[in-house]
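Below you'll find the structure, written out as structure tokens, and then a few comments.
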Amino acid sequence: MKKIILLIICLTWHPTILFSQTQFCHKAKDCKSRFYSNKNFLTYYSTHNLKIVSKKVDRLVIVVHGALRNGDVYFNDTVQAAIKHSSLDKVLVLAPHFRKVTDSRETGEHFWGRRWYKKWKYGYKSEDTDQVSSFTVIDELIKSIVSSNNYPNLKTIVITGHSAGGQFTQRYAVANSLRKEMEQKLVFIPSNPSSYMYLHQDRYEFRDGNYEIKKIGTTCKEFNHYIYGPIDRADYMSSISLNELRENFSSQNLVYLMSEEDKGTDSLDRSCEANLQGKNRFERSMNYFYYLKKSFNELNHRFMSIPGIGHEHVDVYESDEAGKVVFGLDENDSKFFSYKKIGSPKDKIIKTKSSYTMFGGGRNESSGMKNFLREIKGGNLLVISGKDLLNHRYTHDFWRMSEEFSLPLRSVETFSFHHRIAGESKKLLSLIKRADGVFFTGGNQAKYITRIKGTSFHRELLKKDIPIGGTSAGLAIMGEYIFSAKYGGLRSSTVLKKPHSKDISIENDFFYNSLLGSTITDTHFSKREREGRLLGFMFKTQFDFKKNSLFGIGVDEQTSLHLSSDKKMIAGGKGSVWLYKTMNTIVSYQESALNYGPIGYLKLKKNQPYPHYKLLSTDQWPKLQVQNGKILK
């Protein structure tokens, strides 16, 4: 009789442990346990007996199975990944097993419905007598582990799932509030879900080199209803306002762990609502991540892609990327730089030639991007940034453009300098040595000069005959002479009024390729009214460097200028490219507003090839003069 009473007590304790008392459990058949919500229970598998204290465990990984509801298989495979990347001393692996009404199950086991609005993966309530949300069950399971105090050094709780488990994880993160109740860091890592829950009505697609809002039409009227949007959402989140959901979701620590070759349609949700999100899982993930960046001012989400694998959970969790974000390997190469990639970078000799493609800022300009990508010849593209917070804009944009324009790349690697020391890192030197093209993003050109100029990376860059592109600040550094913005940005009115101001900081020798000789550039040209500024830069350059002949190049937003190795150039895009040339212009020190000229100028015709600017005949160009700080034409 005593034995029966003890067994009853065991089965009602949260959680219940049925497997053997060995230190770690490796095989699901030996690791099966029950967690009771009320009268009914959820089956789960665990590497650790949750009743026994372990001071070594610092990470809990909860892995959610796919649509086959094979929690035992996911447990076995994730345990092997944990052993590969870490140690079961430190990592507790737990895999819940959700049942469907048609599955064989034990008496008292939770089960969910067959129809989409009753499924476990969307957080709906079980159909047993407890009628509990699958999200709530995991909430209570986590809280029971934390409150047991059996893992006093537990620091991180990871909830991850693949495929249908990825759908569960992403939607669970929308309304989950556990991070507000516990000290542990909570991380959600959805991998390769078939669809996503949006919290706004816009859907995006990649077209002509840019993300555009997709036209939805009238045939897909419920595209913004749950499970694809917030309307009529599951009970777990229905009592929370939409604004609160948005704030909560954007603040969650999320990592989207995606397989780059997951482009098939097997078991893919192909409803009209899901198809609005993209053609395949990987495309949907990039569209969704762009939506997040566009829709939320503050976002605590990251994107990490795994090259060379498709829709296999084993490959995902065995990957180096999963080792970092799921199992806690060191993600940070250095505090001095950030690094992201897409594709499979390889060292392979590709014969490229020097070229420069200048972009005036704003949205990607497709004709210039095609010229730039064509020059790389399918090799490795290295994107350089000076931004402290590195997102995937250019990593993804170049990858998408290379596919859209049928100019595939082997890889896109993005490297952001946080400190000058990064220019000496072995990692960056290996990247530049295998790079077949380099692109400089926008931001602040002063960071490029202070963090890159004169470093080992800079010296290696100058040795290479490769295509180089840049936008905004990345264009501003393309010239024999550069406005460094060391003391901040300047308006045209300021430059014209005080032509010798120390704020007009001109430097040289960032690039000293003949294709950029005798020139200084400026960006966002017409929109920000920078003609006067560029003329002031030209004057200051002539004065400071005693330069007799000089060109200025001004490029509008959504506009490009491509300078090829055969000394030709072509402009493209929505705006204009302007050339300026000194005409035996003599400069001297001026106490007052700028007097400067004559200066020849020319507006390039779009999509028309020209000789290199140095080879143009400038005799017939219109002339302008600057008198007392006013531009006269």
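I want the antiparallel fraction of DSSP beta bridges within the chain, as a percent rounded to 5. Write out the running numbers ahead of the final one.
Working: 54 of 105 bridges.
Antiparallel bridges: around 50 percent, rounded to the nearest 5.
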**Message:** Suppose we keep just the alpha-carbon trace of the range 39-170; what are its Rg and Dmax in angstrom?
**Reply:** 14.7, 43
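Compute the whole-percent fraction of alpha carbon pairs in the range 311-414 spaced more than 17 Å apart. Write out the running numbers ahead of the final one.
Working: 3336 of 5356 pairs.
Value for the range 311-414: 62 percent of Cα pairs lie more than 17 Å apart.
What fraction, in whole percent, of alpha-carbon pairs in the chain exceed 46 Å separation?
Within the chain, distances greater than 46 Å cover 30 percent of Cα pairs.
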**Request:** Order 89, 232, 566, most accessible first, counting only protein heavy atoms with a 1.4 angstrom probe.
**Result:** 232, 566, 89
**Fill in**
In whole percents, the bins of 5 Å from zero upward hold the Cα-Cα pairs of the range 117-196 as 3, 14, 24, 23, 18, 12, 5, 1
**Prompt:** Cα axis of helix 242-251 to longest principal axis of the chain: angle in degrees, 0 to 90, nearest 10?
**Reply:** 80 degrees
**Request:** First obtain the Kirkwood hydrodynamic radius of the range 292-332 from its Cα pairs, then insert it into the Stokes-Einstein equation at 37 °C and 0.692 mPa s, and state the resulting D in µm² per second as a whole number.
**Result:** 275 µm²/s
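Subtract the Cα-Cα distance of residue 116 and residue 155 from 0.36 nm times their separation in residues, and report this length gain in nm to one decimal.
Computed gain between residue 116 and residue 155 is 10.5 nm.
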**Item:** Computed over the range 361-507, Cα set: Rg, Dmax in Å
**Value:** 16.0, 49
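So for the range 504-553, considering every pair of alpha-carbon atoms, how many percent are separated by more than 18 Å?
Result for the distance tail: 29 percent.
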**Volume of the Cα convex hull of the range 458-521, divided per residue and given in Å³** = 92 Å³
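Per residue and in cubic angstrom, what volume does the convex hull of the Cα atoms of the range 490-581 have? Walk me through the numbers before you get to the answer.
Working: hull volume 8.9 nm³, N = 92.
Measuring per residue, one finds 96 Å³ for the Cα hull of the range 490-581.
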**Request:** Write down Rg/Rh for the range 232-338, rounded to two decimals, with Rg from the C-alpha atoms and Rh from the Kirkwood relation over Cα pairs.
**Result:** 1.00
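Give me the Kirkwood hydrodynamic radius of the range 447-489 in Å, from all C-alpha pairs, to one decimal place? Kindly include the intermediate steps, with their values, before the conclusion.
On the way: mean 1/r = 0.0873 Å⁻¹.
Evaluated over the range 447-489, this radius sits at 11.5 Å.
From the gyration tensor of the Cα coordinates in the range 511-633, what semi-axes in whole Å does the equivalent ellipsoid have, largest first, with each one equal to sqrt(5λ)?
Details: eigenvalues 112, 54, 34 Å².
Those come to 24, 16, 13 Å.
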**Message:** I'd like the accessible area for residue 102: 1.4 Å probe, protein heavy atoms, all chains in place, Å² to the nearest 10.
**Reply:** 80 Å²
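At 20 °C and 1.002 mPa s, grab the translational diffusion coefficient of the range 538-603 from Stokes-Einstein with a Kirkwood Rh over Cα pairs, rounded to a whole number in µm² per second. It would help to have the intermediate numbers written out before the result.
On the way: Rh = 13.6 Å.
Estimated via Stokes-Einstein, D reaches 158 µm²/s.
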**Message:** Considering only C-alpha atoms, what is the centroid distance from the range 589-626 to the range 111-168, in Å?
**Reply:** 67 Å
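Loop only by DSSP, 12 or fewer other Cβ within 10 Å of the Cβ. Give me the GluC sites (Glu not before Pro) in the range 516-602 that pass, ordered by residue number.
Working: sites: 529, 531, 557, 591; in loops: 529, 557, 591.
Here the sparse-neighbourhood loop sites are 529, 591.
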**Separation of alpha-carbon centers, the range 170-223 and the range 261-295, rounded to whole Å** = 10 Å
**Fill in**
Per the helix-only model, the chain has a calculated mean residue ellipticity at 222 nm (DSSP H runs of ≥4, -39500 (n - 2.57) each, divided over all residues, rounded to the nearest 500) of -7500 deg cm²/dmol
**Around residue 632: net Lys/Arg minus Asp/Glu count, Cβ-Cβ under 14 Å** = +2
**Message:** With a cap of 10 neighbouring Cβ atoms within 10 Å, and only residues DSSP puts in a loop, list the chymotrypsin sites (Phe, Trp or Tyr not before Pro) found in the range 548-613.
**Reply:** 589
**Item:** Pairwise centroid distance, computed over Cα atoms, of the range 225-257 with the range 514-541, Å
**Value:** 47 Å
**Fill in**
Placing each pseudo-label 7 Å from Cα in the direction of the beta carbon, residue 588 and residue 244 end up separated by a distance in nanometres of 7.4 nm
**Prompt:** When N counts the residues of the range 394-445, how does its alpha-carbon radius of gyration compare numerically with 2.2 N^0.38 Å, as a ratio?
**Reply:** 1.29
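Going from most exposed to least, what order do 103, 522, 330 have by accessible area with a 1.4 Å probe?
Greatest to least solvent exposure: 330, 103, 522.
The values are calculated or read from the model by the stated rules, or taken from the named source; none is laboratory data. As the structure is a prediction and not an experimental result, all values here were calculated from the model. When we count neighbours, we look across all protein chains shown, and the Cβ atoms used for this are built from the backbone with ideal geometry, even at glycine. Note: accessible area is taken over every heavy atom of the protein model, side chains too, but ligands, DNA and RNA are not part of it. Shrake-Rupley method; radii C 1.70, N 1.55, O 1.52, S 1.80 Å.
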